[in-house]
Every structure is written in C-alpha cells, then in structure tokens.
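Inspection log for the structure reproduced underneath, given as structure tokens.
The values are calculated or read from the model by the stated rules, or taken from the named source; none is laboratory data. Quantities reported herein were computed from a predicted structural model and do not represent experimental measurements. Every residue, glycine as well, gets a Cβ built from its backbone with ideal geometry; the counts of neighbours run over all protein chains shown. With ligands, DNA and RNA removed, areas are computed over all heavy atoms of the protein, side chains included. Shrake-Rupley method; radii C 1.70, N 1.55, O 1.52, S 1.80 Å.
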Amino acid sequence: MDPVTLLVSTLALGATAALKDTAGTAIKDAYAGLKSLIEKKFGPQPAVDALEQKPASVKKREAAEEDLVSAAANED
C-alpha cells in the first residue's frame, strides 16, 4: 500500500471513529493531530474535509488521495 493510500485510509478510519459518540478522547485527539499535521505540511485540503463528512465514500477517498498526491504528500 502506498503512503498516500495508507494516509487516506487512516483519515477515513479516524473520521469514522471520531464521529461516534463512544469514541474516546485519545482517538479524537489522534485524528485531530493527524489532520492538523496534514494541513500544516500541505496546506488546507478541502477533499480531506469532505472525507471527514463521508468517510465511507470511495469517491471522497479517491479525491483526498488525488489532492494529497498533488501536494506531494507521497514524496514526504
């Protein structure tokens, strides 16, 4: 699995978990930290925000991957 696919999968899983009322603080904090790191390194990523709203969407995952590759996240 390439790094961007792994990153997007992690974001989707984190968003899914963070949206649940039963998610622990550690999960929510880890997800927020990962998202913050992405924004600091690569700038705002609208597709990542969209993925957060619909983490199960294949199209949202593909869009997030495309944007992160365009931002050279796969080279970092």
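For SER36, all conditions in the list (1) touching a residue at least 12 places away in the same chain (Cβ under 8 Å); (2) of a type in the set (Gly, Ala, Ser); (3) surrounded by fewer than 11 Cβ atoms within 10 Å (Cβ to Cβ) hold save one; what is the number of the exception?
(1)
Would you point out the residue of segment 43-76, among those that are open to solvent by 40 Å² or more (accessible area, probe 1.4 Å) and assigned to a loop (DSSP other than H, G, I, E, B), that is farthest from LEU11 (Cα to Cα)?
Filtering segment 43-76 for residues that are open to solvent by 40 Å² or more (accessible area, probe 1.4 Å) and assigned to a loop (DSSP other than H, G, I, E, B), the one farthest from LEU11 (Cα to Cα) comes out as ASP76.
Enumerate the pairs (first residue in segment 2-20 and within 14 Å of GLU75 (Cβ to Cβ); second residue anywhere and surrounded by fewer than 16 Cβ atoms within 10 Å (Cβ to Cβ) and among the polar types (S, T, N, Q)) with beta-carbon separation below 6 Å, excluding pairs fewer than 6 apart on the same chain, so at least 6 apart or on different chains.
Final answer for the pair search is PRO3/ASN74; VAL4/ASN74.
Look through THR5, THR10 and report the one residue that is surrounded by 14 or more Cβ atoms within 10 Å (Cβ to Cβ) and of a type in the set (Val, Ile, Thr).
Details: THR10 fails: surrounded by 14 or more Cβ atoms within 10 Å (Cβ to Cβ).
From the options THR5, THR10, the qualifying one is THR5.
Do you know which of the residues in segment 18-33 that are modelled with pLDDT under 90 and not hydrophobic (A, V, I, L, M, F, W, C) is surrounded by the most Cβ atoms within 10 Å (Cβ to Cβ)?
So the residue we want is TYR31.
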